[in-house]
Each structure stands twice: as C-alpha cells, then as structure tokens.
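The values are calculated or read from the model by the stated rules, or taken from the named source; none is laboratory data. Treat the numbers as computed from the prediction; the structure is a model and nothing was measured. When we count neighbours, we look across all protein chains shown, and the Cβ atoms used for this are built from the backbone with ideal geometry, even at glycine. Heads up: the accessible areas ignore ligands, DNA and RNA and are worked out on the full protein's heavy atoms, side chains in. Shrake-Rupley method; radii C 1.70, N 1.55, O 1.52, S 1.80 Å.
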Amino acid sequence: MSGSNTKTKGNGTQGTVHDANRLSPTDSQREEEEVGAHTVLIKNGKEQQQPFQPNEKDEGNKTFEDVFHIIGHDGRFQIMLLVIVVLTNVIVELQNVNTVFTLTTPQHRCKIPELDGDTYAISSESQRKLVDRYIPRDDDRTYRKCHIIVSDTNDTSSVSADFRTGNTSGELRRCSQWVYDKTVMKSNLVSELDLVCERTVIRSHVNMVLFGGKMAAAFLQGYLSDLFGRRPSLIISCCGMLVTAVGSAFVFDTITLLVSRFMAGFLATYLYLSIYVLGIEFLTIRQRSLLSMFTRLIFGICDLYMALMAYLLRDWQFLLLAFAWPAVFALGSSWFMPESPRWLFSKNQVEKAEQQIQRIAKMNGKTVPKDILKQMGKSNEKAKHTVLQLFGDLRLTIRWTILYINWIVICMSAYGLAFNISNMGGNIFINFAISGLLDAIISFANTFVVNKFSRKYFYFCCSSFGAVACILTFLPIVMGAPTWCVVALSLIGKASIVAAYPLLYTYSAELYPTSHRGIGLGSCSMMSRIGGLLSPYIADLGVFFTGKMASVLPQIVFGTCAIMGALLILILPDTSGVELPETLADIREKSRKLSKPTAQEEETVLA
C-alpha cells in the first residue's frame, strides 16, 4: 500500500507504521475498526502502540508480539487464562510444602510399658511417678526422646540419679514405642509412622523424593511438551494431580508415603511448567514478567490458607483432603485452554495456529485479518529439538551454565528455608502465616516495579538482599538476642529469595527461543532439583548437629550459596523490553541486541 512506510523496530525486526497524513480521519477510523489491531514498538522497555495495517509485501516481517496485540491482551481469554493459572498454582503450592505441617516433629518420649493409656501430657500424679521411673532426663531436665530406663525393680528410689542428669553409664535401652505431644498437631505423619529417633532421617528422605519426582518431571515435560504440545501436558498433569492429591491422604507406611511424595513432586512440576510455558507464549512483553510475580503472589496467599487449615483441622488426613479440592476445578477449566499458536507455528502447523488465533480473537471481541500468520513466513526449524542443540557454541554454553547454577541455588534456598520453618522454634502456624504474608506482599509490590527495571538487576537485588538477611542470622545468636530476631531475619531472607524465584522463571523463558522453550525451561527445572534434593538435609542441619550455632547453620548455607549465584547472573544479557526469540538462529543473530534499543533506533522507530 502506498500509504505505509517500513520502519525498523528497536529490537531489529521490521514493522509497518501507518502514515496517518495520507489517510483521512474517516478512512483511518474505518481501517482500525475493521482490523481492530495494534502493533507494538519498544521504547525504553515500554510498549508504544501504532495502528496496524496488513500488507502482503511485508510477509515474514510480522511477529507474535504484533499478533497478540491485534487479538487483544485484556479480554475474556486473558481472564480465563488467569483463572487457570490461579487454580493450577494453588495445587502446586499445596502439594509442594504441605509437609511443613504433615511432617513436623512433635515433642515426644518413650511410651511407659506399664501404662496402656500413656500420653505425653501428664494427667495424674501416678503417671508422673511412672514417667520419672522409666524416662531419663537431659541436663536441661527435659525428657530424653529415644531411651528408657531398664532395671530389675524399676523402683524410683533404686534408680541412679545419673539417669536424670544425662549420664548414660547406667543401663538404658532404645524404645520402640512413643507418645507424642498433641498441642500443635493432633495427628501427623511423624506420629502416625513413628518417624523419630533413628527413623528421623526418613523425614528428610520424604522431602528429598519430592524433588526426585520434580527432576523426572522437568526432564520429561520439556521434551513431551515440545513434541506433543502444551495443552495435552496441562490436561494430563491436572488429571494426575487430582488422583495423587486425594491418594496422599491415605498412605499407611513409609513406602506408600515415599511413592505419594514422588508422584506429588512429579505432577506438581509437570503441571507448573505446562501452564507457565502456555502463559508465557500467550502474553505480551510486559505481561510475561507480571505472570511470574502473580504466580508468587498466589503462592503467598496459598501459604496463608495452609496455615489457617492446619490450625483449624490439626489432623494430617483432613488437612491433605482440604488441599486436594482445587484440582477438581483446575481439571475442569483446563479443557477450555487452546493450544499455543507459537508452538503450532514452530511445528509449521500454520492453519491450526490460525484457528487458535481466530478463536482467541473471537473470545476478546476482535476481528483479525485472515491468514495473518502467513505474513510471518514459516518456521525454519523442522528438525527434532533437543537440549544438546542449545549448546552449539561456547557463548551459549556459558549462558545456560550460569542459568543452571542459579536455578540450583534458588530452588535449594527457597524450599530449604520453607522446610526449616518447622525447626526454627516458636509457633509454627504464626511463622508459616507470616512467611506467606511476606511472600504475598513482596510479590504484589514487585508487580508494580518489575517492568520498570532490568530483569537481571532486579533479580540480583532480591536474591542478594535475601542472602545477606539469612547470613546475618548468626548475629542474634552471638549477641544473645531473643529467638524472634533469628526468626525475623530468616523469614525476611526467605521472602526476598522466594521473590527472586519467579523473576528467574521469566528471565530464563525470555532467553530461550520458542522452538526450545519447553525443553530449555524443563532442563532448568530439572537442574534446580539438584538443589531441591539437598534442601531438606541442609534444612535439618540444626537437628543433625548440636551447638550454639546449629540452629542457624541452614540459613548461613542457603544465604552463602544464594549470593554466589546472584553475582554470576550479572554476566548474562538483559531481556527487558525485547521480543521473544522464535528460533536458535534468532539468538545467534540477535545475541548482541538483547538490550534496550539505542537512542538512534528509537528515533528511527518513532520518526
């Protein structure tokens, strides 16, 4: 059309900018009503809108950023996507960290052999005498948890006082039955399966296999998602999550517990990656970062719900069933989710991609030019996509390696600090609720500023601030400050590091091309599970070790690792205000332009 000029966008692609001087206001208005479209120009990381006008001569110059602004980015489809994101992420969080309550270790001691109805709480003077007769004490006069006194008469007067002062020179025996304090939880998996004393490590194993499942899911989800599509992955994972969430409330031994936690980890990660990749590929530049922040906000609110339900129910079976119901609604809503047009286009299924575009446009009340995707040409990558293709040269190898290191560190720190809440002392319900509230507040605040700053520098600030707060937890111990000071620093550190987690998701997704985004994010998620596998053991360092600093060893380890990863991220390029790369060729050609447009480019775009 003679009334249009081709201009260069700040990201190096070509766009068509309408010359309003050559059209009358009536013609311009009619054209906008017929097309209902806008293209997006980038200036200082912000979107600039200009009227969109299809032109056959511009074939191969349109991008998905243009297309998604044409079909609308704030309509009914986005509301549906928002609902599905909320429901699926609620399921993920409920299954990820419910062991904070179901596996918290209550106060306990050996069961008195002569007392059939023995309870941890002393209810009579006769019970107190029997407890004093059988149960030795430590130096601080607390009952020992794993030993019982053995003597011929078990008469209180004949038992040496050494048993009550921590001197184990007398005859002691490990017990096989325990009674538990029920003031925190009336019943949980630790008391149900006796995961105490020499079986304490099973508690860490249970949290560890969760991340084994997550690692397996990360490996398979990326491959299957790129091979068969994003929508099938979403529906299948919702089905599996419903079955697993309900089934986890009926475990009866350590084997079924380990299997249920493995499946919970597998399906939670599979589900999260499925909806995240779909969301990323349906959203515009500014919305992509908001998706991650919104996800973290959901997690924080979900933690508040978990703390409330745990406080009210205090029974592990009822609690897990209360955590299973969102899976029903997530499964129902996922059937209405369309397939990603980006993925269809990358597979050269242009007609199917057109159908999905038209479907979304209809939901949003927009009119889209027919065959608009044909103006983008065809995908150049028809070969089988593998992770190895991402390591085609040294520069890209360094880039992905740094990403992997940060995923390992951030996952280890975020989950480890969450598991450590039950070991910090104080009221577990209040601690967990405060943790969730801080996560929600910080994530909500981040939604207003995430698009105003560089992705990597914002991530660096959040991660390093949280790391410093965790490391400083040693100061209250050294200075003899109250326990709440350690708890406060730990929760602040956790909230800040957790806030960096969704930023890393967004940053990584923007670095990978559409053709390899599922595999790329899947490989990152899989590598992060190395940190997840280590996190429960680091979180329990205060249980395994004794001494003045034992209680803050987890925080110091997590903080040190987090700040090292944050420093490495500064080496990578920024992605703020840049369109998603579609192929590996795009990354190689534009790797030097993954930054904001220069002043000269902005003048060219807006001229």
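Structure values in brief
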{"quantity": "Residue-span extension gain [Leu388 to Ala585] - 0.36 nm each, minus C-alpha spacing", "calculated": "69.4 nm"}
{"quantity": "Accessible heavy-atom area order of Met564, Met479, highest first, probe of 1.4 Å", "calculated": "Met479, Met564"}
{"quantity": "Cβ-derived FRET efficiency at R0 56 Å, Thr367 paired with Ala488, nearest 0.05", "calculated": "0.50"}
{"quantity": "Shape parameters for region 169-262, alpha-carbon atoms, Rg then Dmax in Å", "calculated": "18.7, 67"}
{"quantity": "R0 of 45 Å, Cβ-Cβ distance Asp74-Val259: FRET efficiency to nearest 0.05", "calculated": "0.55"}
{"quantity": "Euclidean distance between Cα centres, region 200-225 to region 328-378, Å", "calculated": "33"}
{"quantity": "Neighbour net charge for Tyr311 - beta-carbon separation under 13 angstrom, K R +1, D E -1", "calculated": "0"}
{"quantity": "Relative packing of 108-120, 237-249, which averages over residues the other C-beta atoms within 10 Å, highest first", "calculated": "237-249, 108-120"}
{"quantity": "Net charge, Phe77 excluded, C-beta distance under 11 Å - Lys, Arg +1, Asp, Glu -1", "calculated": "+3"}
{"quantity": "log₁₀ of I(q)/I(0) at q = 0.14 Å⁻¹ - region 291-374, Debye sum with one point per alpha carbon", "calculated": "-0.71"}
{"quantity": "Against the rule of thumb 2.2 N^0.38 Å, how large the Cα Rg of region 387-592 comes out", "calculated": "1.09"}
{"quantity": "Theoretical FRET efficiency, 1/(1+(r/R0)^6), r = Cβ-Cβ of Phe448 and Cys146, R0 35 Å, to 0.05", "calculated": "0.10"}
{"quantity": "Packing-based ranking, highest mean first, of 210-219, 71-80, 356-365 given that Cβ atoms within 10 Å are counted", "calculated": "210-219, 356-365, 71-80"}
{"quantity": "13 Å beta-carbon shell around Arg296, net charge (K/R +1, D/E -1)", "calculated": "-2"}
